[in-house]
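The values are calculated or read from the model by the stated rules, or taken from the named source; none is laboratory data. Everything numeric in this text was worked out from a predicted model, so none of it was measured. Heads up, the Cβs are rebuilt from the backbone with ideal geometry, glycines too, and the neighbour counts pull from every protein chain shown.
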Amino acid sequence: MHELSVVQNLLKILEKLRKERAIKSFLKINLTVNPFSCLDEDNINFTFSALTKGQDAYKDAKIYIRRTDNPSSKEFILDDVEIEV
Amino acid sequence: MKKIQVIEVGASIFEENDKIAGENRSLLREMNTVAINVMGSPGAGKTSVLEKTIAQLKSSLSFAVIEGDIKGALDAERLVRLEIPVIQINTGGACHLDALMVKKGLAALPLKEADVVFVENVGNLVCPAEFDIGALLNVVIASVPEGEDKPLKYPMMFKTADICILNKMDFLPYADFDIKRFKRYLGEVSCCKLFPLSVKSGEGFSAWIEEFSDLLCKQRAGLKDIASLELKGRVAIMGIGDRMKADDAVGSLVAELLSKTVKRKNIKIIDAGNAVENYVGVIKRFKPDTVVVIDAVDFQGKAGDIKIMGCGEIEETTISTHGFSLALILENLQKETGAECRIIGVQPVKVSLSEEISPAVERAIQKLVKEITLGLCR
């Protein structure tokens with residue numbers, strides 16, 4: 001349900017990164033989230049594709065979600081990205 | 001030929017939201033106003049609980065409300081009848097309130113005159129839990145007709161909550177609801193405090209009002225305390241505690257959790273265990289502006305109470321649960337580094353041989369991690 005807000009926030013970070021590092025395209029986007037989070041990988045990729053439609057930098061990108069073992073953490077962290085320069 | 005690279009980022013996806021939530025929290029601290037994020041599914045009775053709570057306490061406290069709904073202002077219209085300031089936010093489809101929406105709502109309220117701002121979030125057990133809005137307390141309202149399985153189905157919501165109200169207890173004779181099982185499920189995912197009650201019959205409501213007033217008092221006192229901590233420049237945070245002695249582990253556990261969430265060059269987080277003297281050199285070399293020590297301290301408070309003290313204060317009025325003189329070590333650090341030293345004491349319940357932490361101290365750990373992280377991000 002809130003994938004839209006999450007992807008919008010994620011895109012702000014990715015866009016900043018793209019401009020700073022002159023990134024041609026993103027390939028893998030690795031996130032770490034709380035084990036209790038309701039974020040679903042398929043849903044988030046669907047929203048991501050919809051929001052980045054027509055943008056070459058994101059057309060091959062796929063988001064991967066790893067859940068931490070620590071339920072005390074509330075993080076939704078963009079760990080790293082695999083890019084083509 | 002394609003050139004592929006991996007870039008480590010390590011950024012929070014909610015960085016921007018969390019920054020604004022921190023600003024909201026600072027503003028509320030300045031105004032000495034407690035904001036409470038009220039969440040729950042549609043129909044759980046969020047507005048009814050607010051109506052009755054405000055009606056019972058409005059002679060002694062001043063309230064304001066931010067109402068979050070996808071559309072309409074039905075709940076706001078109900079609350080306006082209590083003659084309090086109410087701001088309606090229509091999210092226009094978004095399933096939660098975020099920090100920016102709440103910031104705009106706060107700007108439209110007379111905060112100087114409000115002791116408490118209730119933020120009634122959009123009815124939903126999923127999304128509101130993921131967005132920090134700058135509230136000091138998170139309250140989830142569940143209800144008997146929803147079923148006892150909700151804590152396990154929506155763990156993030158119940159995990160985030162400081163308080164869980166189980167409403168519509170008058171439905172119990174007619175519903176297939178096992179309250180023992182609900183408590184067990186809740187305990188599996190959260191250490192929040194549970195208040196079973198019924199707005200309609202009034203059952204359990206006086207206990208809630210009593211606890212709520214007490215909690216509010218403590219939170220407002222705590223606001224002043226934590227706000228007085230200047231966490232600017234180079235900050236060394238040292239958690240002290242023996243993991244084998246129940247609540248005595250508090251400082252060590254806070255340091256461990258903070259080290260996972262705060263990764264900055266100007267912040268040094270040390271889990272000193274019960275050998276603080278071994279880390280004096282490390283702190284001196286770090287050249288901090290502020291040293292914060294977290295420890296279980298018996299200051300004759302209630303279980304899990306938090307007290308912020310200066311070096312002199314710990315020597316005069318209290319003793320740490322450890323044998324060494326913390327005050328002397330801190331005084332020495334203060335003298336040699338010029339840093340300001342503060343102690344965050346948590347009142348333990350038990351310090352006997354055990355790895356189990358009391359629920360009240362567990363709540364204090366979560367609160368400290370949240371507040372210190374926010375203080376460091378300000």
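Got a sec? Which strands (runs of 3 or more DSSP E) wholly within segment B:131-205 have at least 3 residues that are surrounded by 24 or more Cβ atoms within 10 Å (Cβ to Cβ)?
Strands (runs of 3 or more DSSP E) meeting the threshold: B:137-143, B:163-167.
Of the residues in segment B:274-310, how many are more than 25 Å from B:D162 (Cα to Cα) and not hydrophobic (A, V, I, L, M, F, W, C)?
Within segment B:274-310, the subset more than 25 Å from B:D162 (Cα to Cα) is B:274-291, B:310.
If we keep only those that are not hydrophobic (A, V, I, L, M, F, W, C) as well, we get B:274, B:277-279, B:281, B:284-285, B:287-290, B:310.
Here the count works out to 12.
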Inset, instruction - Looking only at segment B:160-167, decide whether some residue is in the same structural domain as B:A44 (by TED's automatic domain parsing), over 22 Å from the mean Cα position of the chain (by Cα) and more than 18 Å from B:W208 (Cβ to Cβ). - result: no
Inset, instruction - Could you check, for segment B:103-120, whether at least one of its residues is among the acidic types (D, E) and at pLDDT 95 or above? - result: yes
Inset, instruction - Check off (1) farther than 20 Å from B:L216 by Cβ; (2) aliphatic (A, V, I, L, M); (3) in contact with a strand residue (DSSP E or B) (Cβ under 9 Å, 6 or more places away or on another chain) for B:L136 and give me the number that stays unchecked. - result: (1)
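Quick grid of which residues meet (1) within 18 Å of B:L50 (Cβ to Cβ); (2) among the acidic types (D, E); (3) within 22 Å of the chain's Cα centre (by Cα):
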{"site": "B:G92", "(1), (2), (3)": "no, no, no"}
{"site": "B:C95", "(1), (2), (3)": "no, no, no"}
{"site": "B:A107", "(1), (2), (3)": "no, no, no"}
{"site": "B:A114", "(1), (2), (3)": "yes, no, yes"}
{"site": "B:F118", "(1), (2), (3)": "yes, no, yes"}
{"site": "B:N121", "(1), (2), (3)": "yes, no, yes"}
{"site": "B:N124", "(1), (2), (3)": "yes, no, yes"}
{"site": "B:E130", "(1), (2), (3)": "no, yes, yes"}
Legend entry - Candidate set from segment B:100-115 (those that are touching a helix residue (DSSP H, G or I) at 6+ places or on another chain (Cβ under 7 Å) and surrounded by fewer than 23 Cβ atoms within 10 Å (Cβ to Cβ)); member that is farthest from B:S143 (Cα to Cα): B:K112
Legend entry - Enumeration of residues in segment B:5-34 that are more than 14 Å from chain A (Cβ to nearest Cβ), of a type outside the set (K, R), within 29 Å of A:L78 (Cα to Cα) and buried (at least 21 other Cβ atoms within 10 Å of the Cβ): B:N24
Legend entry - Of all residues making up segment B:326-362, the number that are of a type in the set (K, R) and surrounded by 19 or more Cβ atoms within 10 Å (Cβ to Cβ): 1
Inset, instruction - Using the structure shown, decide if B:K150 is within 14 Å of chain A (Cβ to nearest Cβ) and either touching a Leu at 6+ places or on another chain (Cβ under 9 Å) or without any contact (Cβ under 8 Å) to a residue 12 or more places away in the chain (or both). - result: yes
Legend entry - Pair list, Cβ < 6 Å and 6+ apart or interchain, from segment B:186-208 residues that are away from chain A (no Cβ under 14 Å) to residues that are of a type in the set (G, A, S): B:P196/B:G204; B:L197/B:G204; B:V199/B:G45; B:V199/B:S48
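Yes or no, residue by residue, for (1) in contact (Cβ under 8 Å) with a residue 40 or more places away in the chain; (2) more than 9 Å from chain B (Cβ to nearest Cβ); (3) surrounded by 21 or more Cβ atoms within 10 Å (Cβ to Cβ); (4) in contact with a strand residue (DSSP E or B) (Cβ under 6 Å, 6 or more places away or on another chain):
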| site | (1), (2), (3), (4) |
| --- | --- |
| A:L4 | yes, no, no, no |
| A:N34 | yes, no, yes, no |
| A:N43 | yes, yes, no, no |
| A:Q55 | no, yes, no, no |
| A:A61 | no, yes, no, yes |
| A:R66 | no, yes, no, yes |
| A:D69 | no, yes, no, no |
Inset, instruction - From B:T91, B:T47, B:T53, grab the single residue that is within 11 Å of chain A (Cβ to nearest Cβ) and either on the phi < 0 side of the Ramachandran plot or surrounded by 19 or more Cβ atoms within 10 Å (Cβ to Cβ) (or both). - result: B:T91
Inset, instruction - Could you tell me whether B:K2 is among the basic types (K, R) and away from chain A (no Cβ under 14 Å)? - result: no
Inset, instruction - Being touching a residue at least 12 places away in the same chain (Cβ under 8 Å) and in contact with a Phe, Trp or Tyr (Cβ under 7 Å, 6 or more places away or on another chain) is the filter; apply it to segment B:1-43 and report the residue that is nearest to A:V85 (Cα to Cα). - result: B:F14
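Being away from chain A (no Cβ under 13 Å) and either over 21 Å from the mean Cα position of the chain (by Cα) or not aliphatic (A, V, I, L, M) (or both) is the requirement here; does B:K71 meet it?
yes
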